[in-house]
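Below is one structure, written out as structure tokens, with a few remarks after it.
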Amino acid sequence: MSTSSSPPRGLGGAGAPAERGVGAGAPVLAFDVGGTDIKSALFDAEGNARGLQRTATPNLSENPASALIEELARLAGGLRAQHPDVVPEALGFVVPGIVDADAGTGVFASNLGWRNAPLRALAAERMHLPIAFDHDVRSASWAEHELGGARAFDDVVVLIIGTGIAGAILVGGQPYTAGGYAGEIGHSPVGGPLVNGEELLCPCGARGCLEAIASAGAIARRYQAATGTVPDGARDVIARAAAGDEIAARIWNDALDALALSLAQLTAVLAPEAIVIGGGLSRAETLFDELRARLGARLSFHRMPQLVPAELQGNAGLLGAALRARELT
């Protein structure tokens with residue numbers, strides 16, 4: 001990897017959080033593609049993000065893979081025009097869904113509409129640059145390993161708890177991908193509470209998935225279904241639980257139990273040195289103390305992993321895309 005070990009710099013930019021850059025190295029373009037928006041920046045030779053912006057993901061319904069590449073080309077052209085003094089040597093972009101980074105293929109993305117799309121080849125043909133292509137959460141995890149909360153560990157699981165739950169696994173300091181199918185921790189079966197005699201239905205179509213019980217989206221949905229009151233997100237439900245709301249307390253307790261069970265399973269199978277937790281729910285005040293206690297109660301001879309907050313938060317995927325692009329220079 002061509003990045004240096006110099007202290008990373010802040011990303012800066014209008015409206016951007018004060019987060020890390022990627023250190024000194026080759027200038028690169030980086031894109032983090034989501035179902036609703038695309039984050040983009042041009043990283044200069046000192047690792048600063050130029051023109052960091054978030055733009056709406058366009059309608060990709062006609063030919064989603066080609067339409068996405070055209071949108072990235074448009075954004076890349078704008079960044080290069082705004083900063084003609086920075087000449088990128090490579091481009092990195094990351095996408096959600098099932099991603100085979102080795103093959104350069106977007107295997108499946110329900111939000112964006114492609115199956116087995118040769119995204120890296122399409123980008124290389126259109127951009128005329130070396131292209132790094134990866135999964136968004138795996139890329140964010142790589143950035144956490146290189147720059148953030150996971151940098152002290154080689155065997156680590158990164159768990160992102162937001163609207164859904166996504167994860168990534170690093171073994172010996174390298175991502176474990178299994179053709180893009182590894183790391184779907186949110187869709188590991190944990191059982192949990194029953195409704196009309198059945199486990200909770202997950203958006204993926206299965207029942208009893210971790211995401212259906214413990215994601216921020218699930219916590220808010222379950223509270224609304226039980227009370228008819230629309231909460232201001234999962235953290236509102238957690239606050240109501242702390243204030244004595246019995247229904248909120250039950251839903252939060254279900255989420256914590258499901259998370260602790262999932263972490264215990266990961267610990268028994270992978271024995272990670274640490275589990276790094278990010279996403280909106282990671283900022284809930286009681287989360288880490290509760291998980292440490294419940295995980296400890298489930299383990300016996302196992303090595304207790306450190307539970308560590310993610311440090312990079314919202315721009316981790318973009319930073320990971322830049323790091324991966326740097327590897328090609």
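Every number here is computed from the coordinates shown, using simple stated rules; none is lab data. The structure displayed is predicted, hence computed values, not measured ones. So basically every Cβ, Gly included, is an ideal-geometry build from the backbone, and we count neighbours across all protein chains shown.
List of remarks:
- Whole-Å distance, taken between Cα centres, linking the stretch 27-81 and the stretch 161-205: 28
- Whole-number percent relative contact order across the stretch 217-329, with pairs defined as alpha carbons under 8 Å at least 6 apart: 22
- In this structure, the amide hydrogen of Gly167, modeled 1.01 Å from its nitrogen in the peptide plane, lies closer than 5 angstrom to those of Ile160, Ile185, Gly186, counting only residues at least 5 positions away or on a different chain.
- Positive minus negative residues near Glu327 (Lys, Arg vs Asp, Glu; Cβ under 13 Å): -1
- Of the trypsin sites (Lys or Arg not before Pro) in the stretch 228-325, those whose Cβ has at most 13 other Cβ within 10 Å and which sit in DSSP loop: Arg303
- Our coupling estimate for the stretch 210-215, obtained by passing each phi through the Karplus curve with A = 6.51, B = -1.76, C = 1.60 and θ = phi - 60°, is 3, 4, 6, 10, 10, 6 Hz, Gly and Pro reported as x.
- Remark: Ser139, Ser188 ranked as Ser188, Ser139, counting other beta-carbon atoms within 10 Å and listing the fewest first.
- Counting every other Cβ atom within 10 Å of each residue's Cβ, Phe301, Phe288, Phe153, Phe43 order from fewest to most as Phe301, Phe288, Phe153, Phe43.
- Taking the C-alpha atoms only, the angle from helix 246-270 to the longest principal axis of the chain is near 60 degrees.
- Centroid-to-centroid, using Cα positions, the stretch 116-149 and the stretch 221-290 are 31 Å apart.
- Dividing the summed -39500 (n - 2.57) terms of all DSSP H runs of n ≥ 4 by the residue count of the chain sets its mean residue ellipticity at 222 nm at -11000 deg cm²/dmol.
- Sorting His302, His187, His145 from the fewest to the most surrounding beta carbons within 10 angstrom yields His302, His187, His145.
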